[in-house]
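The values are calculated or read from the model by the stated rules, or taken from the named source; none is laboratory data. Just so we're clear, the structure is a prediction, and the values are computed from it rather than from any experiment. Quick reminder, even Gly has a Cβ in these numbers, built from the backbone with ideal geometry, and neighbours come from all protein chains shown. Accessible surface areas use protein heavy atoms only, side chains included; no ligands, DNA or RNA. Shrake-Rupley method; radii C 1.70, N 1.55, O 1.52, S 1.80 Å.
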Amino acid sequence: MADRMTPEQRHRCMSRIRARDTKPELVVRRWLWRQGYRYRLYVKSLPGRPDIVMKRWRTVIFVHGCFWHGHECNKRSPETNAAFWQEKIARNRTRDARNQALLQAAGWHVIVIWECQLSPKRRMRTLRDLDLALSHIVLQLSGPQPKPYETAAEETVHPLAAEPCDTPYGDTSTQLS
């Protein structure tokens, strides 16, 4: 099937897609602010320039678009210039995994929220799961510290149950469903 738009129309349409202040990102930011969490945006000194950085809790949140970051919920792939898009999305996924691993190695908690998880049907559950993950982090960081003779592995991954239609988010990030 051929593209329904002319190359000029497609270019104009694609050039209007924003990388910052997207609707899903604004949903998460507004919710965090109402819950009393304070944060910084797009901190350049951190790998991947996370969308939301909560320095006090050593936590970063990435709000990923399903198409651009290759989430499995997005079954459609572009029919025009398919090879280019497959390579681009594969590079994005590789870069995301590398950045998340670097952040965790530096002691940061990484939470990834997918655009599809913020659809009106799933939004409240996703935000409750985010609240649970953040509460776990806050308790972990502000709770009693283990004694030197105790061997407790420091946990930076906060697994949460994923819905059956979701795909695994990898071992490097908190799973929100």
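Scanning the stretch 73-93 for residues that are open to solvent by 80 Å² or more (accessible area, probe 1.4 Å) and within 22 Å of P24 (Cβ to Cβ) yields K75, R76, R91, R93.
Applying the set (1) free of Cβ contacts under 8 Å to residues at least 40 places away in the same chain; (2) open to solvent by less than 80 Å² (accessible area, probe 1.4 Å) to D131 leaves exactly one unmet item: (1).
Cβ-Cβ below 7 Å, separation at least six or inter-chain, first residue in the stretch 27-38 and assigned to a loop (DSSP other than H, G, I, E, B), second surrounded by fewer than 18 Cβ atoms within 10 Å (Cβ to Cβ): which pairs? Qualifying pairs under 7 Å: Q35/D131. Could you check, for the stretch 156-176, whether at least one of its residues is modelled with pLDDT of 70 or more and surrounded by fewer than 14 Cβ atoms within 10 Å (Cβ to Cβ)? Scanning the stretch 156-176, I find no residue that is modelled with pLDDT of 70 or more and surrounded by fewer than 14 Cβ atoms within 10 Å (Cβ to Cβ), so the answer is no. For the stretch 82-104, check the following and say yes or no: at least one residue is within 20 Å of R40 (Cα to Cα), in a helix (DSSP H, G or I), modelled with pLDDT of 90 or more and in contact with a helix residue (DSSP H, G or I) (Cβ under 6 Å, 6 or more places away or on another chain). Checked the stretch 82-104: no residue is within 20 Å of R40 (Cα to Cα), in a helix (DSSP H, G or I), modelled with pLDDT of 90 or more and in contact with a helix residue (DSSP H, G or I) (Cβ under 6 Å, 6 or more places away or on another chain). For residues in the stretch 56-70 being modelled with pLDDT of 95 or more and more than 9 Å from the chain's Cα centre (by Cα), which is most open to solvent (accessible area, probe 1.4 Å)? Result: R58.
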